[in-house]
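J.: What follows is a single structure, and I will ask about it in a moment.
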């Protein structure tokens, strides 16, 4: 039996097959330095890891499988923060791929995005939902069912203790926040639909740039639900 590290294969698009990444390894910068749509698709099934300081011991690991994302594609995308130009808040989006873009919304919730593409092209993937894997006892479920404590951008960041201190964090290094390769998701299991809460974005509001894992109970809301359907994610999610 081979002892080689198994690989996760990139999504097939037409006749082209994406690159492969060793399962359990931190995703390299080259993974993120691609089209935001390719990155969003391939992030499904990957593992978001929060390493909490634990005194003199090893960091405590909180982790979840990414099951829902949204793509925000540059200055022409009216739902993207960068459509209003380069500001102090959006500066990180113009930088190197593979860094975290974290910001506060509605005065109560943090949102986590992954910067993608080439330098000076501001695009990012919003991480909308996780299936918890490690550290459930530390994720403070409160009134949320255990399997849904990371269902939605606000719940996700609350569960993993993500706030502004992690803005610009390098997700390609073994620091406080990073993304590992996980089992791939076949195309047949990828759901697509409009992004949430961006009715103001005109024709960009109907782009099918929200992606989710079919059958996951951790999705923030059903695919096919209307933009004002709040059955699963009671907080606003206009990002980024």
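J.: Sorted from fewest to most neighbouring beta carbons within 10 Å, what does the list 207, 138 look like? Display every interim value, and only then the final one.
T.: Details: 207 20, 138 14.
Ascending Cβ contact count within 10 Å gives the list 138, 207.
J.: What is the Cα coordinate range of the stretch 19-213 on the first, second and third principal axes, sorted by size from largest, in whole angstrom?
T.: For the stretch 19-213, the Cα spread along each principal axis is 47, 38, 35 Å.
J.: In Å, what Kirkwood hydrodynamic radius results for the stretch 27-75 from the alpha-carbon pair distances?
T.: 12.7 Å
J.: Which whole-number percent gives the relative contact order of the stretch 19-213, counting Cα pairs below 8 Å spaced six or more residues apart?
T.: 28 percent
J.: What ranking do 32-44, 151-163 get when scored by the average of other Cβ atoms within 10 Å per residue, highest first?
T.: 151-163, 32-44
J.: Express in whole angstrom the spacing between the alpha-carbon centres of the stretch 88-125 and the stretch 156-192.
T.: 13 Å
J.: Can I ask one more? Could you list the square roots of 5 times each eigenvalue of the Cα gyration tensor of the stretch 116-214, that is, the equivalent ellipsoid semi-axes, sorted largest first and rounded to whole Å?
T.: Semi-axes from the Cα gyration tensor: 24, 19, 16 Å.
All of the numbers you see were taken from the coordinates with simple rules; none came from a lab. Just so we're clear, the structure is a prediction, and the values are computed from it rather than from any experiment. Positions of Cβ are backbone-derived with ideal geometry, glycine not excepted, and every protein chain shown enters the neighbour counts.
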